[in-house]
């Protein structure tokens, strides 16, 4: 799957958790969003795992992974998707 498709899927997952009214793009710094706390982080991980049918490796659950939309998309690219290579 291309990086742009992964980024789109990550953006969709973030919109699902944060709400459609939040303006996000690949360069958005997630750590700077006031609503991005530990509870939201868990919800984002769950939404991304559902969307991509994958499981986050423990090694990826570090602040650097969630710095921006793009760093999160790069992490998702490293995950294996058991049900195929397409986002839902």
Name the single residue, out of those in segment 14-46 being touching a residue at least 24 places away in the same chain (Cβ under 8 Å) and part of a loop (DSSP other than H, G, I, E, B), that is farthest from residue 3 (Cα to Cα). 36
From the set of residues in segment 47-62 that are assigned to a helix (DSSP H, G or I) and within 11 Å of the chain's Cα centre (by Cα), which is surrounded by the fewest Cβ atoms within 10 Å (Cβ to Cβ)? 50
From the set of residues in segment 11-30 that are within 11 Å of residue 69 (Cβ to Cβ) and out of contact with any helix residue (DSSP H, G or I) (no Cβ under 8 Å at 6 or more places or on another chain), which is surrounded by the fewest Cβ atoms within 10 Å (Cβ to Cβ)? 29
Those residues of segment 47-64 that are touching a residue at least 40 places away in the same chain (Cβ under 8 Å) and over 23 Å from residue 1 (Cβ atoms) come to a total of 0
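Coordinate-derived values only; no laboratory data. Not measured: the values here are computed from a predicted model. Neighbour counts run over all protein chains shown; Cβ positions are idealised from the backbone, glycine included.
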